[in-house]
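Everything below concerns the one structure shown next.
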Amino acid sequence: MACTAFLSTLLPKLSPESKVLRDAESPDFQSSMRRWSNYKLKVPFAIVQPANENDVVQTVRGAISASVPFVPASGGHSQWSSIDQSGIIIDLSRYKGVTVDAANNLATVRGGTRMKEFQAALHPHKQFAAVGNGSTVGVIPYYLGGGISTYTPFVGYGSENIVAVKLINSDGELVEVSEKQDPELFWGVCGAGQFLGLVTELTIKTKPYSLLGNEDGQRMCGTYIFSMHSFDVVCAALETIMGSTEYVSAGHIMIVQAPPDLKEQVLLVAPQAFCSATEASKLFQPLVNVGPLQQMLVPSTFDKHSDHLDWVCAEGDFKRFSQAGLAGWSTRNFKHLAELHSELVENCPDAARSGYTVEWHTPCRAKRELKNSFGNENVEYWLNVLSWYTDSANHEFVDTMDHKAQAAMREGSEEAAFVSYTNCTREDPIEYRYKGIGTVDRLRSLKKRVDPTGIFTRELL
Ligand SMILES: Cc1cc2nc3c(=O)[nH]c(=O)nc-3n(C[C@H](O)[C@H](O)[C@H](O)COP(=O)(O)OP(=O)(O)OC[C@H]3O[C@@H](n4cnc5c(N)ncnc54)[C@H](O)[C@@H]3O)c2cc1C
């Protein structure tokens, strides 16, 4: 009843380009509900698709005053951008865009802009930013919650690169937040912004391609596939690459089932280096010496940053993605991870597309100010658990294996040092997600000030 009344008062306030979708069977509604994963996907009472910033403000303001719960949706890669029949989804896909101010090394990103669209907007200006590894991931939520990037060695994490925010607060007001305007809220938004308001616009630092060592925004990308028999020598070879102080590198070592038949477990090593082809060949030579089953070394430019990972961005099925920060590399723990991946696939053949991965980047070389709440800026190794399956009967088992994978890679660390990535979990203790003395208390008192009733999630309350 509250939703119906709210929508009828909202409609006249929206621009003609916006849409309100009520019929769950309609193609527009179903298209809006398509997500990276169907895990915990809920069907809302209605979907509002604002077409401009004022539409978003009117929608949030109206929903707050009618006490209608809502969730924003940008790229749809999390399990928190849908809601049940009690509320509405504010789907930002019709409101998006990027303005580049290359002279000042800045870009402003609006609404539901996705990662690849951001890259495409920066490319003609020969500018890069701390983008993530998923072409369809929403830029704003990614930056708000941390932003783990291949470009972190040059510019730090995404949250460190936010310079200004336009946010709709729990009074339904559109406010500008920066280091000068409400510095405490700015600190909180840069790391925990999804819990503090709906962000309509982010202004982000960008950098010229020349910082990457060339004018084309280019890096060298290797792909090396190995039999599991070579496990120890591959890990030893990779350690020399990850530990190189001469070159900036980043990449993934994945435990996956070999395509196309997904029958055999293999190691897929995908190192990337910011250097010439000749230098990359030299850097990656230890991997070549092991004797890969398949290998490739190609250049890639910033606009195509994560095209090679587009298969992971496929919509549908049941998928979960968790990321846990690691203190460093451990071949012993990684071997345990491979055993757990085997156990997953043996017990759930429908989960054969799952991949257990460690991602690394060399330490950040930039001078950093770290005026943000993210708190995990010095983590250089991340466990990425991608669980991808189709049978709903396997939810619990997949979940158990995900937790076992995290425990295996945390072996040898004190619990106080456990790091969970807030963009991927709302279940792990808040102390795992936000590090630094007093960070959690400071975030909690900020939440109490700006969103005491939990309009933008109950996190931090
Ligand atoms: C395939 C894949 C690759 C990934 N790669 C990386 C990576 O390389 N690095 C990395 O750091 N992370 C990565 N992630 C994690 C990713 O950063 C988070 O899942 C991110 O929150 C997804 O944003 P989204 O817009 O796609 O998702 P959504 O589900 O649309 O949104 C995520 C959350 O933010 C809220 N939200 C949406 N829009 C707004 C807004 N404008 N203001 C406030 N809140 C909002 C939603 O309600 C939801 O709670 C990846 C995830 C996947 C699945």
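The values are calculated or read from the model by the stated rules, or taken from the named source; none is laboratory data. Only a predicted model underlies this, so the values are computations on that prediction, with no experimental measurement involved. A quick note on method: Cβ atoms are made from the backbone with ideal geometry, for glycine too, and the neighbour counts reach across all protein chains shown. These accessible areas exclude ligands, DNA and RNA; they are computed on the full protein's heavy atoms, side chains included. Shrake-Rupley method; radii C 1.70, N 1.55, O 1.52, S 1.80 Å.
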- Note on the structure: Note: among PHE154, PHE195, just one is modelled with pLDDT of 95 or more, out of contact with any His (no Cβ under 6 Å at 6 or more places or on another chain) and surrounded by 24 or more Cβ atoms within 10 Å (Cβ to Cβ), namely PHE195
- Residues within segment 434-461 that are in contact with a Phe, Trp or Tyr (Cβ under 7 Å, 6 or more places away or on another chain) and either buried (at least 20 other Cβ atoms within 10 Å of the Cβ) or not acidic (Asp, Glu) (or both), tallied: 6
- Checked against (1) in contact with a helix residue (DSSP H, G or I) (Cβ under 6 Å, 6 or more places away or on another chain); (2) open to solvent by less than 20 Å² (accessible area, probe 1.4 Å), VAL98 satisfies every condition except (2)
- Here are some residues: SER354, SER322, SER300. Which one is outside the structural domain of PRO124 (by TED's automatic domain parsing), under 17 Å from the mean Cα position of the chain (by Cα) and of a type in the set (S, T, N, Q)? SER322
- Query: Do any helices (runs of 4 or more DSSP H) entirely within segment 111-222 hold 2 or more residues that are within 13 Å of the ligand (Cβ to nearest atom) and of a type in the set (Ser, Thr, Tyr), and if so, which?
  - Reply: 139-144
- Item | Every residue from segment 58-88 that is in a helix (DSSP H, G or I) and either open to solvent by less than 10 Å² (accessible area, probe 1.4 Å) or near the ligand (Cβ under 9 Å from one of its atoms) (or both) | THR59, VAL60, ALA63
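Let's see how each residue does on (1) out of contact with any Asp or Glu (no Cβ under 6 Å at 6 or more places or on another chain); (2) over 21 Å from CYS424 (Cα atoms); (3) not hydrophobic (A, V, I, L, M, F, W, C):
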residue: ILE253; (1), (2), (3): yes, no, no
residue: PRO260; (1), (2), (3): yes, yes, yes
residue: GLN265; (1), (2), (3): yes, yes, yes
residue: GLY291; (1), (2), (3): yes, yes, yes
residue: ASP317; (1), (2), (3): yes, no, yes
residue: ARG320; (1), (2), (3): yes, no, yes
- Restricting attention to segment 403-461, which residues are outside the structural domain of ILE255 (by TED's automatic domain parsing), more than 22 Å from the chain's Cα centre (by Cα) and away from the ligand (no atom under 16 Å from the Cβ)? ILE437, GLY438, ASP441, ARG442, ARG444, SER445, LYS448, ARG449, PRO452, THR453
